[in-house]
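Quick notes on the structure that follows.
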Amino acid sequence: MLRHPFRLHLASSRLPFRLATAQPPFHPTRASHLLLLHEARLQNMAFERSSPLTRRLLAPNPGPMTLDGTNSYLISAPGSETVVVVDPGPRNEDHLAALAADGRVELVLITHHHRDHSEASVRFAELTGAPVRAADPAFCVPAFGIPALGIPALDIPALDITGEPLVDGEVIEAGGARIRVIATPGHTNDSVCFHLPDDGPNGSVLTGDTILGRGTTIIADPDGTLGDYLRSLAVLRELGPATVLPAHGPVLPDLVTICDAYLAHRRERLDQVRRALAELGSDATASGDRSFEQLVGRVTDLVYSETDAAVRFAAEASVRAQLAWLRAAD
Ligand SMILES: [Zn+2]
């Protein structure tokens, strides 16, 4: 059971269940908006300018899998009256209040379903009235304030945005910016990146967990696959030297450089796994009397020997993904 923590979290955070237990929605009047702003200032939460069109706020959820914590991004062009929030993150009321207070939230986008990105979706929709959109329909939330709920519509210009699932290649205009959705499965099957072509001279890409600001990401096998991930890196590389805005860790200046580094890292890891299999006298199918999970454990011991015990399950997931890829390649 411990080997699949993401899936356990996922099962308990499916939205129909969450919606059924959600608190009654309320609407941000001017007074409540000012109250949120006041509370956010009291909490002294600091937004950081991350690119010409984006700012970000670090959520207070540091850990072995989240580095310093989740970066929640705000997209807003100069002069825009509304903002788009990407990955409101974990359910932390201070963090959400600060995000909700920094401008009228028109739309919420989710990069993928992992809890540290999507857990607060329903609560944040309650706070802001804004719809939440993700690739997986189970993680979309309609705009609170829609007639179906018997609540008056909010003064949101894009009320036709009703929490529909994101589509690869779709261009969203919100927060005064053009936001292009790019499907990038691999870390998870539902991972997407958001390309802002007008953000600075080379544009920018909000990469979620597909590319991190430090280290490398995991392939959350069996949800993500290495084949998908390698294809996604190739797709991202085609966007050129855009600014990288990751969901964890610092901003990176050049998408091409980091894609090349990630691709080189993946090749190196695959070579290490091949060498480990040779040393163990096995192949990626774990034939003979060895169970597949025993093989995963032994390969992880050899290839990820430096890995902290707290993220051992993630290393094992990556080994499973690499063995699956080698099996398919044979
Ligand atoms: Zn993730």
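Some values worked out for this structure:
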read-out: Per-residue HN-Hα couplings for region 296-304 [Karplus 6.51, -1.76, 1.60; θ = phi - 60°; Hz; x = Gly/Pro]; value: 4, x, 5, 5, 4, 4, 7, 8, 10
read-out: Label-zone membership for region 48-77, site ASP94, 7 angstrom Cα→C-beta point, backbone N under 13 Å; value: 58-62
read-out: Which of LEU245, LEU67, LEU166 has the fewest Cβ neighbours within 10 Å, and the rest in rising order; value: LEU67, LEU166, LEU245
read-out: For region 182-199, Karplus couplings with θ = phi - 60° (6.51, -1.76, 1.60), whole Hz, Gly/Pro x; value: 10, 5, 9, x, x, 4, 9, 5, 9, 5, 10, 10, 10, 9, 10, x, 9, 8
read-out: Derived scalar couplings ³J(HN,Hα) [region 93-104; Karplus, 6.51 cos²θ - 1.76 cosθ + 1.60; whole Hz; x for Gly, Pro]; value: 4, 5, 4, 5, 4, 5, 5, 6, 8, 8, x, 6
read-out: Amide H within-cut-off set for ALA174, under 5 Å, with H built and near neighbours excluded; value: ILE179
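Readers should treat all values here as calculations from the given coordinates under stated rules, not as data from a laboratory. It should be emphasised that the depicted structure is a prediction, and the values quoted were computed from it without experimental measurement. Glycine also receives a Cβ, built like all others from the backbone with ideal geometry; neighbour counts cover every protein chain displayed.
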